[in-house]
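Here the structure comes first, spelled out in structure tokens, and everything after it is commentary.
Taken together, the values in this text are just the output of simple stated rules run on the coordinates, not laboratory data. Worth saying up front: this structure is predicted, and the values here are computed from it rather than measured. Note that we place each Cβ from the backbone using ideal geometry, even for glycine, and neighbour counts take in every protein chain shown.
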Amino acid sequence: MKKVLVTGAAGFIGFHLSNRLLKEGFKVIGIDNLNDYYDVNLKYSRLGLLKGHENFTFEKASLEDKEAVDLVFSKYKPEIVVNLAAQAGVRYSLENPQAYIESNIVGFTNILEGSRHHKVGHLIYASSSSVYGANTSLPFSVHDNVDHPISLYAATKKLMN
Ligand SMILES: NC(=O)c1ccc[n+]([C@@H]2O[C@H](COP(=O)([O-])OP(=O)(O)OC[C@H]3O[C@@H](n4cnc5c(N)ncnc54)[C@H](O)[C@@H]3O)[C@@H](O)[C@H]2O)c1
């Protein structure tokens, strides 16, 4: 049974992905810091549903906590990592820029390093269409230039692409 580490497992996409992986027969280790960027009760409800699966394990941790992330890698030895935990939102980056640096840059770096040191075979992460920023050509293409982000959210996503 393949082991998948899903970060942001209590989030919108992380929850649905974890649910699907469990149904497909994977073992899922979820990490989330359950922050209050939006209603925490929604995150707890999602976790409650996931915890009903015997192959789901949850660790409450922040990605920027390197020690905690390293511990998860050594304890569970995931073969696949899906990094979905991030500080999202374009407008909120004006209010709380630090959250973007911590989660999207420092946190993601800890995931990259954990994956490297523990020889993870497959790493998937989520970018954002906001990286296309001031581009005027539509529809966006992965071949477009992404050198003109217009928010810190986009800039942190672009940096880690
Ligand atoms: N939903 C969208 O439309 C969309 C579009 C483009 C990209 N994305 C990207 O997809 C990913 C998932 O998005 P979502 O909509 O599920 O977001 P979400 O906010 O619902 O889920 C993110 C989860 O990560 C957790 N989290 C945030 N920072 C963390 C940290 N430092 N450590 C541990 N946990 C942390 C949050 O508590 C939350 O539960 C993100 O990377 C986002 O940037 C989403």
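A few remarks follow.
- Computed over the chain with a Gaussian network model linking Cα atoms closer than 10 Å, the most mobile of I13, I105, I29 is I13.
- Amide H to amide H distances under 5 Å link F58 with G30, where only residues 5 or more positions off or on other chains count and H is placed in the peptide plane.
- Approximate spin-label separation S129-D70, in nm, with each point projected 7 Å along Cα-to-Cβ: 4.0 nm
- Of G11, G133, G114, the residue with the greatest mean-square motion in the GNM of the chain, using alpha carbon springs below 10 Å, is G133.
- In degrees, nearest ten, helix 66-76 long axis to first principal axis of the chain (Cα): 40 degrees
- Length gained when the stretch K60-V142 is fully extended (0.36 nm per residue, less Cα-Cα span): 26.2 nm
- Highest GNM mean-square fluctuation among A85, A134, A126, for the chain modelled with Cα contacts below 10 Å: A134.
- Spatially, the range 104-161 and the range 1-29 are offset by 21 Å when compared through their Cα centroids.
- The mean sequence distance of close C-alpha pairs (under 8 Å, at least 6 residues apart), as a share of the length of the chain, puts its relative contact order at 22 percent.
- Dipole of the range 1-131 computed with +1 at Lys/Arg Cβ and -1 at Asp/Glu Cβ about the Cα centre; of N96, F58, S18, farthest Cα towards the positive end is S18.
- Helix 12-23 axis, angle to the chain major axis (alpha carbon atoms, nearest 10°): 40 degrees
- Gyration tensor (alpha-carbon) shape descriptor, the range 3-129, a/c threshold 1.5: oblate
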